[in-house]
Amino acid sequence: EMDLGIQSAASKNDPDRSLFTLQGMCMLTKLRPFVRKFLEEASNMFEMYIYTMGFKAYAIEIAKLLDPGNVYFDSKVISNSDCTQQHQKGLDVVPGADSLAVVLDDTEYVWQKHKENLILMERYHYFAASCRHSGQSLSELMQDERESDGALATILDVLKRIHTIFFDLGVGTALSSRDVRP
């Protein structure tokens, strides 16, 4: 990763860059390909939150990277300090009925009480440190996900189908009796 110039790329002041240094955390992060388009399109269908088992400071920094204009999340950031059960995420900290919530996450075990709401995402292993036990990272392979058929493009198609089924095919059924989980 050092040979690829990742740290220097993260420090450039390019608005289209995908590599960032998280200030005050000595951490590099890379945005997944297609994330900007994904957020734009998903926000037209869903109310979105950032929900992490990380610390609030980390969550806020990630929110600034993902949503610099505060358009998609509108400060709806949930971190480990907001969770009501240790080492678990739950919909009890998200306003609205469980039957209306779709969860995207790369970690299944933290959603023990809401597995039926979960769409399990493929974990994004760009840096070598993130995949010590699961083979080579994308940076080591000198490649990245493609925008056209990567994980976010695939999930966006799933979300579009869910939205269509819930709203268009549910016509004639009271909104309060519909359930996104099936």
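Quick notes on this one:
- Whichever lysines have a C-alpha closer than 19 Å to that of Lys76, once near sequence neighbours (fewer than 8 apart) are set aside: Lys56, Lys64, Lys89
- Fraction of beta bridges assigned by DSSP in the chain that are antiparallel (%, nearest 5): 45 percent
- The C-alpha atoms of the chain define a longest principal axis, and helix 56-66 lies at about 90 degrees to it.
- Calculated [222 nm] ellipticity per residue, helices only, for the chain: -7000 deg cm²/dmol; basis is -39500 (n - 2.57) per DSSP H run with n ≥ 4, divided by all residues, nearest 500.
- Under a Gaussian network description of the chain, with springs only between Cα atoms under 10 Å, the residue in Gly24, Gly150, Gly54 that fluctuates furthest is Gly24.
- Between Leu152, Leu169, Leu100, the Gaussian network model of the chain with springs among Cα atoms under 10 angstrom shows the greatest mean-square fluctuation at Leu169.
- Cα-based shape type of the stretch 97-182, given that a ≥ b ≥ c are square roots of the gyration tensor eigenvalues and the cut on a/c is 1.5: oblate
- Computed over the chain: relative contact order in percent, which uses C-alpha pairs under 8 Å that are six or more apart: 19 percent
- Accessible surface calculations at 1.4 Å, restricted to protein heavy atoms, place the stretch 113-162 at 63 Å² per residue.
The values are calculated or read from the model by the stated rules, or taken from the named source; none is laboratory data. Computed from a predicted model, the values in this text were never measured in an experiment. Keep in mind that these areas ignore ligands, DNA and RNA; they rest on the heavy atoms of the full protein, side chains included. Shrake-Rupley method; radii C 1.70, N 1.55, O 1.52, S 1.80 Å.
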